């Protein structure tokens, strides 16, 4: 119960950060203020990920019945895979059937909540989320698609646990929604100040139920 209270407290701080992030005046805030407001989710999830000992690659999940806003699941095991029939929005830690950490909704979910991009294609989804970020005065992602692979370059503020970054989490879920498939993060690195991610299409939701 004590651990659950800490988790709930952390989630509460994330929600407050998300609300502040979605206010009309956000674009006028200086960059350092944006970093302060987003640091709550970064610090919380960084500590949680470290405590849980995540070793698996991240699975980016498009919106579906159980997760209406999509999500990101990182298993504990390096060979772990999510069972989408057992995931539910609002839960953070899973001990079975596959131990792991679930971000749903992700910290940046409000950035894309009004976009109609499910199944629209990766290119359209990328343009749509870039438009939202541009209106907020934030740099959009650079996305390159080739076959089953999608290469993404994003500027982020949360480097300790990138999936907690509002911009990156919004971009990833938007791309999964556009693709209409689960995406796996096959590789992650840094290139000239950008976070570089190599994503791979992994099939529709029905494959993972």
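Starting from 0.36 nm per residue, how many nanometres of slack lie between residue 200 and residue 89 once their C-alpha separation is accounted for?
Numbers: separation 111, 0.36 × 111 = 39.96 nm, distance 2.34 nm.
The residue 200-residue 89 span can extend by a further 37.6 nm.
Sorting 171, 205 on the 10 Å Cβ count, fewest up front, what's the list?
Numbers: 171 28, 205 19.
Taking fewest neighbouring Cβ atoms as first place, the list is 205, 171.
Full-extension gain between residue 66 and residue 142, please, as 0.36 nm times their residue separation minus the C-alpha to C-alpha distance.
On the way: separation 76, 0.36 × 76 = 27.36 nm, distance 2.96 nm.
Between residue 66 and residue 142, full extension yields 24.4 nm more.
Return 41, 46, 104 ranked ascending by Cβ neighbour count within 10 Å, so the fewest neighbours appear first. Present the calculation step by step, with values, prior to reporting the outcome.
On the way: 41 29, 46 18, 104 23.
Fewest-to-most ranking of 41, 46, 104: 46, 104, 41.
Label points 7 Å out from Cα along the Cβ direction at residue 191 and residue 51: separation in nm?
Each label point is offset 7 Å from its Cα along the Cβ direction, giving 3.6 nm.
Can you tell me the Rg and Dmax of region 60-140, counting just the alpha carbons, in angstroms?
Cα radius of gyration and Dmax of region 60-140 are 14.3, 41 Å respectively.
Give the peptides 106-117, 191-202 in descending order of average Cβ contacts within 10 Å, highest first. Mind dumping the intermediate values first?
Numbers: 106-117: 20.4, 191-202: 15.8.
Going from most to least packed, we get 106-117, 191-202.
Sort 153, 163 so that the residue with the fewest other Cβ atoms within 10 Å of its own Cβ comes first and the one with the most comes last. If you can, show how the numbers build up before the last one.
Values: 153 17, 163 26.
Going from sparsest to densest Cβ surroundings: 153, 163.
Every number in this text was worked out from the coordinates using simple rules, so none of it is lab data. This one's a predicted model, so the numbers in the text were calculated from it and none came from an experiment. In this analysis, Cβ positions are derived from the backbone assuming ideal geometry, glycine residues included, and neighbour counts consider all displayed protein chains.
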